[in-house]
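First comes the structure, then the notes that go with it.
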Amino acid sequence: MIAAVVAALLAVGGVTWYALGDAPDRRDTEASGSSAPPSVGMPSPRPSGPPAPDAADAARYNTGRAPGDASVLWVRKNDIDVPGLGGGVFGPWLVGDTVVTAMYRTVTAVNVADGTVKWRLTLGTEICRASQLASADGKIALALKDRLHAETDECRRLQLVDLRTGTAGWQQKIVEQNRWDISYDYSLAISGGTVTAGRHGFSTGYRLSDGKQLFGRWEGSDCQPYAYAGGPKLVAAVSCPTSDADKPQEEIHEVDPVTGKSRWKYRLPVGYRVDHVYSVRPLVVSAYYRAEDKRGVVVLNEDGSKRSSLAGRDRYADGCADDVHDQGNLQRCQVVVDDDTLYLATAGAGKGKSNAIVAFDLRTGNEVRRIQGPVDRMAWPLRMEGGSLVVRMAALLDKPGYLATVAPGASTPVELLRVPRAAGRAESRFHDCPALYAGGRYIVVKNLVSGTDDDDERERETLMAFGM
């Protein structure tokens with residue numbers, strides 16, 4: 001499942017879908033490996049004494065709880081001095097009994113039970129990008145700036161971090177493959193024993209165990225991968241040259257994570273670019289035609305053949321945090337996919353209005369169920385739990401948010417966890433931020449930390465946890 005645990009919310013704009021037809025197959029591609037660049041060093045953990053969770057805030061937010069309200073288990077405020085106007089937060093990653101986030105040049109693991117910091121790792125330079133998913137044994141890859149407080153956006157240091165131990169592993173330089181290799185908007189993904197760094201027109205794969213380079217640019221091919229989605233498969237978004245910039249030609253490939261070679265390809269209709277990968281198994285891909293403001297979703301079989309195209313009658317909420325062509329991230333999306341069904345939120349919630357979560361059958365592409373959200377606020381799919389869908393109902397300034405479950409085949413949400421009213425205003429500041437639900441705990445994580453000055457910055461709540 002992609003985004004079954006991590007949810008990234010955006011505004012309630014929407015897009016309309018158009019059917020994606022099959023495109024003619026014009027060329028085969030394969031990649032060759034290349035030698036590994038030299039290591040450029042490795043940071044190590046530094047001792048620190050971060051403050052405990054804010055017990056006073058948790059107590060205040062629990063004041064006057066109504067029967068059935070959840071408790072505010074703990075609250076954490078920002079304790080990292082971020083230069084300038086603020087810092088973006090990478091993650092969260094849920095590993096064992098910790099939730100891990102990264103910001104500026106710091107990676108922090110917080111105990112999910114009580115909010116205490118389990119470990120903190122300070123890196124030598126600022127973080128530019130992060131892999132969306134961790135490996136099976138809890139490792140992530142970060143792209144770091146070449147030097148601290150660099151004036152430029154140069155970011156060619158690939159760093160491994162072990163989220164189970166809080167230690168930095170190998171560091172590797174992402175070598176320029178030719179003079180046109182100048183993009184730093186990396187698409188970092190992990191699949192099996194490989195971590196990839198895709199960027200405009202180029203891609204590199206490294207061995208997860210030691211950082212050795214496994215493959216690079218596809219030799220002898222005009223088509224080149226530029227972004228990857230990881231997990232149980234390694235899926236590449238591939239761009240092919242065209243004479244008209246408004247009519248790009250792109251393909252979807254499954255890639256061998258050891259050699260970087262294509263196992264199969266699926267060609268999108270001319271004009272569509274890979275937008276996001278909702279899931280790699282089953283493989284569900286969103287594509288966007290910018291010149292005509294069209295979007296489509298295609299479902300592919302294990303061999304790359306077309307299984308279905310989704311046919312929707314609504315405008316759908318964006319639901320994804322980044323445009324891959326701007327930020328390199330294919331997988332940070334507020335959608336849920338199980339073996340047979342895709343759950344997507346529609347646009348349209350607002351004053352006096354509600355939206356819906358629509359369930360699509362992946363075998364046929366047809367809508368099979370609609371789950372109506374509450375009036376005035378957005379409903380978003382969060383994850384699957386024991387065969388049921390967990391839905392996040394967004395908070396408003398005067399109405400706290402809550403979680404609900406929808407049983408298999410049902411259309412009516414049943415309340416699962418309600419945020420106490422006193423915490424509603426604080427929770428509403430997390431409305432467009434990632435959220436987790438695991439082990440009966442609902443945790444919201446700020447995706448951007450900023451303030452008017454250092455004191456204001458330190459008053460910003462960065463994580464809140466709720467539970468019964």
Please go through (1) farther than 29 Å from Phe360 by Cα; (2) surrounded by 17 or more Cβ atoms within 10 Å (Cβ to Cβ) for Gly271 and return the number of the only condition it doesn't satisfy.
(1)
Considering only region 359-374, I want to know if a residue exists there that is of a type in the set (Gly, Ala, Ser), in a strand (DSSP E or B) and farther than 30 Å from His200 by Cβ.
yes
Which of the residues spanning region 423-437 are open to solvent by 10 Å² or more (accessible area, probe 1.4 Å) and within 21 Å of the chain's Cα centre (by Cα)?
Ser428, Arg429, His431, Asp432, Tyr437
Does region 181-192 contain any residue that is open to solvent by 50 Å² or more (accessible area, probe 1.4 Å) and more than 21 Å from Gln331 (Cβ to Cβ)?
yes
Which of the residues belonging to region 401-446 are outside any loop (DSSP other than H, G, I, E, B) and among the small types (Gly, Ala, Ser)?
Ala404, Ala422, Ala423, Gly424, Ala426, Ser428, Ala435, Ala438
I'd like to verify a number: residues in region 64-84 that are over 15 Å from Val449 (Cα atoms), open to solvent by less than 10 Å² (accessible area, probe 1.4 Å) and not in a strand (DSSP E or B), how many?
1
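Per-residue answers, yes or no, for (1) crowded, with 20+ Cβ neighbours inside 10 Å; (2) within 16 Å of Ala134 (Cα to Cα):
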site	(1), (2)
Ser203	yes, no
Ser209	no, yes
Phe215	yes, no
Pro225	yes, no
Ala229	yes, yes
Pro232	no, yes
For residues that are touching a Lys or Arg at 6+ places or on another chain (Cβ under 9 Å) and either open to solvent by less than 20 Å² (accessible area, probe 1.4 Å) or modelled with pLDDT of 95 or more (or both), tally how many sit in region 155-169.
10
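Having 3 or more residues that are of a type in the set (A, V, I, L, M, F, W, C) is the bar; report the strands (runs of 3 or more DSSP E) wholly within region 182-268 that clear it. Walk me through it before giving the result.
Values: elements: 187-191, 194-199, 202-207, 213-215, 224-229, 235-240, 249-255, 262-267.
Because the criterion is at least 3 residues that are of a type in the set (A, V, I, L, M, F, W, C), the strands (runs of 3 or more DSSP E) in region 182-268 that meet it are 187-191, 235-240.
So which residues in region 241-268 are in contact with a helix residue (DSSP H, G or I) (Cβ under 8 Å, 6 or more places away or on another chain) and either basic (Lys, Arg) or buried (at least 21 other Cβ atoms within 10 Å of the Cβ) (or both), if there are any at all?
Lys247
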Please determine whether any residue of region 433-447 is of a type in the set (A, V, I, L, M), free of Cβ contacts under 8 Å to residues at least 60 places away in the same chain and more than 23 Å from Ala58 (Cβ to Cβ).
no
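Is there a residue being touching a residue at least 24 places away in the same chain (Cβ under 8 Å), of a type in the set (Asp, Glu) and more than 18 Å from Thr341 (Cβ to Cβ) anywhere in region 384-396?
So far as region 384-396 goes, no, none of its residues is touching a residue at least 24 places away in the same chain (Cβ under 8 Å), of a type in the set (Asp, Glu) and more than 18 Å from Thr341 (Cβ to Cβ).
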Enumeration of residues in region 324-342 that are at pLDDT 90 or above, outside any loop (DSSP other than H, G, I, E, B) and open to solvent by 10 Å² or more (accessible area, probe 1.4 Å):
Thr341
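The values are calculated or read from the model by the stated rules, or taken from the named source; none is laboratory data. Computed from a predicted model, the values in this text were never measured in an experiment. Cβ atoms come from the backbone with ideal geometry, glycine included; neighbour counts cover every protein chain shown. Ligands, DNA and RNA are stripped out before the accessible areas are found, and what is left, the full protein with its side chains, is counted by its heavy atoms. Shrake-Rupley method; radii C 1.70, N 1.55, O 1.52, S 1.80 Å.
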